[in-house]
Amino acid sequence: MRIAPRNPVRNTMKLAQRVSRIDSSGIRKIFDLAKALKDPINLSIGQPDFAVAQPVKEAAIAAIRADKNTYTQTQGIPELRELVVKDEKDYTGRDYTGEQVLITSGVSGGLFLALLALVDDGDEVIIPDPYFVMYKHLVNLFGGKPVYLDTYDTGFGIEAARLEKLITPKTKLLLLNSPGNPTGRIFPKSELEAIAKVCAKHGITIISDEIYRTFSYVPMTSMAEVYPDTVVLVGHSKSFGMTGWRLGYACGPTEIIQAMTKVQQYSFVCAPSIVQYAALACPTVDNSANIAAYQRKRDLMVGILSKHFELAPPDGAFYLFAKAPTGLTGDQFVDLAIKNNLLIIPGSVFSERASHFRICYTVPDEKLKQGAELLCRLADGAQAKG
Ligand code: PMP
């Protein structure tokens, strides 16, 4: 007979060192506060507000009914990989072979596998700051060292010369995100070409997180289009409102995708089977109305907020990253907003700086206007006090 450990508390002292290198306090604080508020104006949630399209839902239900509920091949079902090859050819002009495509459990899964497959202890990973919150923590978890490329004084753009200055013999990767979370910035082609030149000179691989690709309000170029040594990560969460379904994919150099596949074999095993079959119906979905709606919401928010806040109008995604009013840090301004029943996220969650705050504008127009007007009133109040 097995006997349960007498003192389970002792186990907490046995946690691996690596866990102490990550910290979830920033975002958790906001979610805890959100639970405590009654009917807040919530501009903190980073996901679309539209439902999964009917044909995709039907395809998921049909897959369950047809007993497609078992493990799939580690790299994903062949039909979906073929679709990815075609989509990427259309989007980037790149001809990927089947071996260069891996279906993942969301872009989070892709990031996890790519970093685990590429980062050795002490390897440096350059991350433009501000950054998506997961990057820093995954790099730390896997023993790497995040090296931040500050972009605040370049409208969140990347200057090739500044990038090159950060490169050392230990630099392994550059982790890009375009359109960006939290800034909404899209790196134009010329900027990507300059980045590619520096990375090629120093033999640096790029991981390009393009999860917001479909939400582009200016021309969008994939890094994969200009730099062959790129692992591009794309996902269904945002484009198709499927955040809870956990689907995405990675395309890139054979050696890297094969290594990621090996790691997937011993971790996720495969992306959820039902969702892979459901995704075959995604090409039938016309997303243009959703994209147009978010572009309009962006314009609405920029129109109201830019008179009161310093901000770079976003080119894509559904976020806006603005500077807190003079005299307040982003954290202090977020505290003030939360006291007024408005939820936003402090920039310090996404940055080594604490000067900004992020809003997500995927909420109905009425709520959005209420939120924007409240933000302006709070900024005016803070200014008057200052
Ligand atoms: N990358 C970025 C930039 C994100 O904002 C998100 C989700 N917020 C992810 C990756 C993860 O997305 P998922 O795992 O749902 O595909």
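The values are calculated or read from the model by the stated rules, or taken from the named source; none is laboratory data. As the structure is a computational prediction, the values presented were derived from the model and not from experiment. Cβ atoms come from the backbone with ideal geometry, glycine included; neighbour counts cover every protein chain shown. These area figures cover heavy atoms from the full protein model, side chains too; ligands, DNA and RNA do not enter into them. Shrake-Rupley method; radii C 1.70, N 1.55, O 1.52, S 1.80 Å.
One table, with the values for the structure above:
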quantity	calculated
Test: residue in region 328-345 that is open to solvent by 20 Å² or more (accessible area, probe 1.4 Å) and touching a Lys or Arg at 6+ places or on another chain (Cβ under 6 Å)	no
Top-ranked residue of region 232-284 - restricted to ones that are basic (K, R) and within 11 Å of the ligand (Cβ to nearest atom), ranked as nearest to A63 (Cα to Cα)	R246
Helices (runs of 4 or more DSSP H) completely within region 233-338 that count 3 or more residues being out of contact with any helix residue (DSSP H, G or I) (no Cβ under 8 Å at 6 or more places or on another chain) and modelled with pLDDT under 95	none
Residue check, P313 more than 16 Å from the ligand (Cβ to nearest atom), open to solvent by 20 Å² or more (accessible area, probe 1.4 Å) and within 19 Å of the chain's Cα centre (by Cα)	yes
Residue list for region 77-123, filter: of a type in the set (D, E) and either open to solvent by less than 20 Å² (accessible area, probe 1.4 Å) or not assigned by TED's automatic domain parsing to the domain that holds Y266 (or both)	E88
Odd one out for I30 among (1) at pLDDT 90 or above; (2) surrounded by 18 or more Cβ atoms within 10 Å (Cβ to Cβ); (3) farther than 22 Å from L175 by Cβ	(1)
Matching helices (runs of 4 or more DSSP H) fully within region 109-223 where at least 2 residues are away from the ligand (no atom under 16 Å from the Cβ)	160-166, 189-202
The listed residue being closer than 23 Å to S178 by Cβ, open to solvent by less than 10 Å² (accessible area, probe 1.4 Å) and over 21 Å from the mean Cα position of the chain (by Cα), out of L305, L320	L305
Only one of Y227, Y266 that is free of Cβ contacts under 8 Å to residues at least 60 places away in the same chain, crowded, with 20+ Cβ neighbours inside 10 Å and over 20 Å from the mean Cα position of the chain (by Cα)	Y227
Matching residues in region 75-108 - criterion: being in a helix (DSSP H, G or I), under 23 Å from the mean Cα position of the chain (by Cα) and under 18 Å from V275 (Cβ atoms)	L80, R81, L83, V84, D87, G106, V107, S108
In region 339-364, residue nearest to A324 (Cα to Cα) [restricted to those that are touching a residue at least 24 places away in the same chain (Cβ under 8 Å) and over 24 Å from the mean Cα position of the chain (by Cα)]	N340
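Yes/no per residue for (1) more than 19 Å from the chain's Cα centre (by Cα); (2) within 28 Å of D120 (Cα to Cα):
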site: E164; (1), (2): yes, yes
site: P169; (1), (2): yes, yes
site: L175; (1), (2): no, yes
site: P179; (1), (2): no, yes
site: T183; (1), (2): no, no
site: S190; (1), (2): yes, no
site: C199; (1), (2): yes, yes
site: S208; (1), (2): no, yes
site: R213; (1), (2): no, no
